[in-house]
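The values are calculated or read from the model by the stated rules, or taken from the named source; none is laboratory data. Being a predicted model, the structure only gives us computed values, none of them experimental. Note that each Cβ is placed from the backbone with ideal geometry, even for glycine, and that neighbours are counted across all protein chains shown. Only protein heavy atoms, including side chains, enter the accessible area calculation; ligands, DNA and RNA are left aside. Shrake-Rupley method; radii C 1.70, N 1.55, O 1.52, S 1.80 Å.
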Amino acid sequence: MTCTVMGVLNVTPDSFYDGGRYLAPEAAIARGRAMVEEGAGLLDIGGESTRPGADPVDLAEELRRVLPVVEALAPRARVSIDTMKPEVAIAAVEAGATLINDVSGALAPVAAKCGVGVILMHMLGTPKTMQRSPHYDDVVTEVGEFLAGRAEEAHRLGVEEVYVDPGIGFGKRIGDNLALLRALPDLVAAGTPVVVGVSRKSFLGLISAGPDRRDLEVEERFEASLAAATWAMSCGVAIVRVHDVAPSAMASALVGDAPVPPWPGALR
Ligand code: HH2
């Protein structure tokens with residue numbers, strides 16, 4: 001199975017990497033189109049940052065940010081709406097989104113009502129507090145059991161397209177993130193298609209630098225992001241959520257089992 005590359009499109013002033021770049025709808029729409037050209041099979045549009053410590057955004061503002069962008073891009077690409085608010089999810093589906101990306105793991109009933117798919121993610125607490133002192137006795141088992149329960153509920157409610165996501169960086173210490181990434185083959189084997197988002201997250205900046213070097217800034221985390229996304233792809237995840245679409249699409253073509261396209265001039 002070839003992994004779908006989901007392009008991140010944050011229409012926010014404060015997202016940890018692309019915040020402020022796509023606040024104007026025209027800029028967001030142009031970026032969405034470019035990501036489709038680069039190989040994104042899905043565009044994940046969000047209007048509220050969920051980075052550690054982020055303040056919640058009010059409903060009217062989140063709707064104002066995302067709806068024009070969803071409406072403009074949905075005819076050209078498959079769009080998911082990255083939100084924790086039922087009202088935003090419903091309005092985005094009316095505007096053309098066909099997948100709800102829910103970092104709170106609670107919107108399966110909304111997806112069932114709207115007749116669309118859902119990504120159910122694990123998070124400890126809320127973005128405001130999740131990194132204060134996360135603790136697990138056994139992170140892989142606890143996250144796995146949470147996701148299995150949420151997926152079962154979604155199926156019971158009649159949602160046909162269900163994904164689970166271990167929520168890398170959402171209330172997790174460095175070791176928790178690494179343990180979850182290393183356990184991806186088991187999560188994939190559990191049967192529900194898996195989504196993973198590692199793109200440019202802070203733990204990559206913390207582990208990538210050698211002992212004598214400072215932590216890597218978000219702009220310096222590309223190589224580690226691509227390595228982690230490629231690992232996830234080779235574990236068989238269904239979707240990787242990334243900021244850097246073109247190189248991720250190349251990795252997906254390399255790792256997946258789609259037929260190799262006949263490159264012009266290639267030695268065959
Ligand atoms: N990570 C972020 C946001 N949404 N959704 C899923 N399913 N999985 C993730 O890992 C995930 C997610 C955080 O990244 P980003 O959107 O780039 O930043 P911000 O929350 O600051 O807008």
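Structure above, values below:
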| quantity | calculated |
| --- | --- |
| Segments 119-126, 141-148 sorted - mean Cβ within 10 Å per residue, highest first | 119-126, 141-148 |
| Computed [θ] at 222 nm, deg cm²/dmol, the chain (DSSP H ≥ 4; -39,500 (n - 2.57); rounded to nearest 500) | -12500 deg cm²/dmol |
| Among 188-194, 248-254, 231-237, the order from most to least packed when residues are scored by Cβ within 10 Å on average | 231-237, 248-254, 188-194 |
| Whole-Hz couplings from phi, Karplus 6.51/-1.76/1.60, listed for region 39-55; x for Gly and Pro | x, 6, x, 8, 10, 9, 9, x, x, 9, 5, 10, 5, x, x, 5, 7 |
| Accessible area per residue, Å², region 185-238 with all protein chains present, probe 1.4 Å | 47 Å² |
| ³J(HN,Hα) computed for each position of region 165-178 - Karplus, 6.51 cos²θ - 1.76 cosθ + 1.60, integer Hz, glycine/proline x | 9, x, x, 4, x, 9, x, 9, 7, 3, x, 5, 4, 5 |
| Choice from Ser133, Ser15, Ser80 showing the highest fluctuation, given a GNM over the chain with Cα pairs closer than 10 Å | Ser133 |
| Note, ³J(HN,Hα) from phi for region 64-71, Karplus 6.51, -1.76, 1.60, rounded to Hz, x at Gly and Pro | 4, 5, 8, 4, x, 6, 4, 4 |
| Whether region 125-214 is rounded, prolate or oblate, judged on the alpha carbon gyration tensor where a/c under 1.5 counts as rounded | prolate |
| Qualifying trypsin sites (Lys or Arg not before Pro) for region 161-253 [loop in DSSP, other Cβ within 10 Å: at most 12] | Arg213, Arg214 |
| Computed log₁₀ I(q)/I(0) - Debye formula, equal Cα scatterers, no solvent, the chain, q 0.10, 0.14, 0.17 Å⁻¹ | -0.47, -0.96, -1.47 |
| Percent accessible area from carbon and sulfur atoms, the chain, protein chains only, probe 1.4 Å | 56 percent |
| Per-residue SASA entry for Leu180, accessible area with 1.4 Å probe, Å² rounded to 10 | 10 Å² |
| Heavy-atom accessible area per residue - region 1-96, 1.4 Å, Å² | 41 Å² |
| Pairwise label distance in nanometres, Met1 with Leu178, each label 7 Å out on the Cα-Cβ vector | 2.8 nm |
| Cα gyration tensor shape of region 45-90, rounded if a/c is under 1.5, else prolate or oblate by comparing a/b with b/c | prolate |
